[in-house]
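Here is the structure we will look at, set down as structure tokens.
Where a number appears in this text, it was derived from the coordinates with a stated rule and is not lab data. These numbers come from a predicted model, not from an experiment. As a convention, Cβ positions derive from the backbone with ideal geometry for all residues, glycine included, and neighbour counts pool all protein chains shown.
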Ligand SMILES: Nc1ncnc2c1ncn2[C@@H]1O[C@H](COP(=O)(O)OP(=O)(O)O)[C@@H](O)[C@H]1O
Ligand SMILES: [Mg+2]
């Protein structure tokens, strides 16, 4: 009998875990239902490039140029003119109340200046308390505005040509030209959902045994720490696989996310990612004494990983130190992989670095868990 | 070789010394009872012996293996039945036994499980969830599961707490049968009748081993004298005796009163007046194990943390 590892004993532990998992109906349903629910909820709800934002218009004259400008702005889908304000003060108040995100002011001399080629101006005030909400709307602005003017002045063709080259602002969104944020959110959600369920479930693995009093018996029997660890985490690979299937199918059916890269490459990367997550959860469970502590530790880990991984905010937009910190979360690496493979069709070469980081996490967490595992009740 | 041979075991939790220099030996094939009030350190001592706790001081051998370095080997050859039911309540009886059989790599699994179920008389309830069993049946399942791998030493922690008398009787018959086949048993209990079914007993209080030996030896070493008082209005007699010099315990036993003390002369002097009453009889009686334990408990402070 090998003291350190035996497949027979691992088999016994796995069988037990699967039976328990099957019997725990509510948890089981949650493991499959929650990902779908979250995907649908967040997939539709989160939008980092919001459209149809409420806006107020302040325009004192009602000439052709002003009308053209307003309709051009409305055509972008970003602006929805809910209010026509009589004065700047009234518009100011609307914005202060939060009733509008933008105030567009077209001065009374606008038409005159256009005709005189005397650098016409319009003023757009954006509520920048949520910068990401306004950024898309603002960035399209100058393009739209100049094109609208050029259209109105259409007769001077060559003048328009020169003006165009001066005025045009190129907004170029690669890989997602329409700026559909679901293309970015949904693959990211795959990682977030996996992280949530995998880490949470496995973080309870040992504390549950301790709280039910079965740990004492388990430790009194000849199961080695490595067997107990694998017995606890491997069943969740299966759960993870089911979740991945659910999310990928839903991504295709509900959100029509393009899938450019190789499915098998993505699945292999997911496997490594899930393995690192369940081992992380298990490591947490070797540190926590109660399920409550396990929960707290999980959340302690969860929030920074969401904020710093590039799921919520653009990774490159963070200061250097935060980017370095972000590297310590498996989610960060997985997000790069999943976006690269699904949306850019990256091959293994392109994601090798990120995959090796995940492999490193697997060994790190496994080692830490084995080191932390208490063979005694001390 | 003794099955258990431990010296000066000490275990502290924080500043509290829960096991205080306990030395104990149990010969092969012996059934030793482990007695003591709640919180006296029985469970902790047993856990040290099966490698579930590391002692802060002391050393010893269990089944010839070193307590400090060979705990894995000890685990494989010891059967430990925990005080609280610690099999899986969400697994069926059969699944629990299969799990244990597989962990100990007993081959073939099905044969071991079927035989154990047969012996337990639980074959028809194989698919019942263990959590739905009554207390007595849980204990029997736990015992069956921990002897399945044919251990050489059984450590039983209050195995019959909350079990009805008939089931207890059967439990002890089983333990004696196993001991005849050479199994060594250390069993903690609160029941006097169970203590009397042991070859030897050890009494622990406040982490200290106070007495050890056969029941008769423990009673004799306690050096107590007991008188049995019979007659009318025993309540009144009891009240009169309470607190008199030499009277250490006054306890009603059915229609008689047991009066116990460690100083025989003083005790007799105090009983003189009662004895003089016409209708009341005072006779020397046998000191029981219970009298001895009550004496021990009175002598040490409350153990409850
Ligand atoms: N893990 C632990 N941490 C702190 N104190 C403990 C622990 N286990 C037991 N104790 C304390 O040690 C004392 C002895 O406990 P125990 O060995 O269970 O006694 P017994 O089994 O004789 O009732 C008790 O006061 C108990 O509160
Ligand atoms: Mg106890």
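Looking at residue A:19, is it surrounded by 16 or more Cβ atoms within 10 Å (Cβ to Cβ) and more than 11 Å from chain B (Cβ to nearest Cβ)? Reasoning before the result, please.
On the way: surrounded by 16 or more Cβ atoms within 10 Å (Cβ to Cβ): yes; more than 11 Å from chain B (Cβ to nearest Cβ): no.
No.
Tell me, which helices (runs of 4 or more DSSP H) lie completely within segment A:52-124 with 2 or more residues that are more than 19 Å from residue A:146 (Cβ to Cβ)?
A:88-97
Restricting attention to segment B:145-163, which residues are within 14 Å of ligand 1 (Cβ to nearest atom) and within 12 Å of chain A (Cβ to nearest Cβ)?
Going through segment B:145-163, the residues within 14 Å of ligand 1 (Cβ to nearest atom) turn out to be B:155-159, B:161.
If the condition is that a residue be within 14 Å of ligand 1 (Cβ to nearest atom) and within 12 Å of chain A (Cβ to nearest Cβ), then B:155, B:157 are the ones that fit.
Residue-by-condition table, conditions (1) away from ligand 2 (no atom under 16 Å from the Cβ); (2) surrounded by fewer than 17 Cβ atoms within 10 Å (Cβ to Cβ); (3) not in a loop (DSSP other than H, G, I, E, B):
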position	(1), (2), (3)
B:235	yes, yes, yes
B:239	yes, yes, yes
B:244	yes, no, no
B:250	yes, no, yes
B:257	yes, no, yes
B:260	yes, no, yes
B:271	yes, no, yes
B:279	yes, yes, no
B:295	yes, no, yes
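Consider segment B:77-95. How many of its residues are outside any strand (DSSP E or B) and farther than 20 Å from residue A:225 by Cα? It would help to see each step written out before you state the result.
Of all residues in segment B:77-95, those outside any strand (DSSP E or B) come to B:77, B:82-91, B:93-95.
Keeping just the survivors that are farther than 20 Å from residue A:225 by Cα gives B:82-85, B:89-91, B:93-95.
Residues that pass the stated criteria total 10.
One line per residue, one yes/no per condition, for (1) in contact with a helix residue (DSSP H, G or I) (Cβ under 7 Å, 6 or more places away or on another chain); (2) over 30 Å from residue B:136 (Cα atoms); (3) away from ligand 2 (no atom under 16 Å from the Cβ):
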residue	(1), (2), (3)
B:28	no, no, yes
B:37	yes, no, no
B:71	no, yes, yes
B:74	no, no, yes
B:85	yes, no, no
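What helices (runs of 4 or more DSSP H) lie completely within segment B:120-211 and have 3 or more residues being farther than 19 Å from residue B:85 by Cβ? Break it down stepwise before answering.
Values: elements: B:135-147, B:165-180, B:192-196.
Fully inside segment B:120-211 and qualifying: B:165-180, B:192-196.
Would you confirm, using the coordinates I've provided, whether residue B:197 is touching a residue at least 60 places away in the same chain (Cβ under 8 Å) and out of contact with any strand residue (DSSP E or B) (no Cβ under 7 Å at 6 or more places or on another chain)?
On the way: touching a residue at least 60 places away in the same chain (Cβ under 8 Å): yes; out of contact with any strand residue (DSSP E or B) (no Cβ under 7 Å at 6 or more places or on another chain): yes.
Judged against the criteria, residue B:197 is a match.
Find the residue count for segment B:38-76, including only residues that are more than 10 Å from every other protein chain (Cβ to nearest Cβ), out of contact with any strand residue (DSSP E or B) (no Cβ under 6 Å at 6 or more places or on another chain) and assigned to a helix (DSSP H, G or I).
0
Mind listing whichever residues of segment B:15-43 are within 9 Å of ligand 1 (Cβ to nearest atom), more than 14 Å from the chain's Cα centre (by Cα) and closer than 15 Å to residue B:203 by Cβ?
Across segment B:15-43, the qualifying residue is only B:19.
Just to be sure, is residue B:163 within 16 Å of ligand 2 (Cβ to nearest atom) and buried (at least 16 other Cβ atoms within 10 Å of the Cβ)? Break it down stepwise before answering.
On the way: within 16 Å of ligand 2 (Cβ to nearest atom): yes; buried (at least 16 other Cβ atoms within 10 Å of the Cβ): yes.
When the stated conditions are applied, residue B:163 passes them.
Please work out which one of (1) assigned to a loop (DSSP other than H, G, I, E, B); (2) within 16 Å of ligand 2 (Cβ to nearest atom) is the condition residue B:9 fails and give its number.
(1)
Could you grab me the full set of residues in segment B:77-97 that are over 15 Å from residue B:146 (Cβ atoms) and at the interface with another protein chain (Cβ under 8 Å from one of its Cβ atoms)? Spell out how you get there, then give the answer.
Taking segment B:77-97 first, the residues over 15 Å from residue B:146 (Cβ atoms) are B:89-92, B:94-95.
Across segment B:77-97, the qualifying residues are B:89, B:90, B:91, B:95.
Need the failing condition index for residue B:87 against (1) over 21 Å from the mean Cα position of the chain (by Cα); (2) within 16 Å of ligand 1 (Cβ to nearest atom); (3) under 19 Å from residue B:155 (Cα atoms), just the number.
Condition not satisfied by residue B:87: (2).
Please find, among B:93, B:4, B:46, the residue that is touching a residue at least 60 places away in the same chain (Cβ under 8 Å), away from ligand 1 (no atom under 15 Å from the Cβ) and crowded, with 22+ Cβ neighbours inside 10 Å.
Working: B:93 fails: touching a residue at least 60 places away in the same chain (Cβ under 8 Å); B:46 fails: away from ligand 1 (no atom under 15 Å from the Cβ).
Result of the check over B:93, B:4, B:46: B:4.
In a helix (DSSP H, G or I), surrounded by fewer than 18 Cβ atoms within 10 Å (Cβ to Cβ) and within 14 Å of chain B (Cβ to nearest Cβ) - does that describe any residue in segment A:27-50?
Within segment A:27-50 (the criterion being in a helix (DSSP H, G or I), surrounded by fewer than 18 Cβ atoms within 10 Å (Cβ to Cβ) and within 14 Å of chain B (Cβ to nearest Cβ)), the answer is yes, since at least one residue qualifies.
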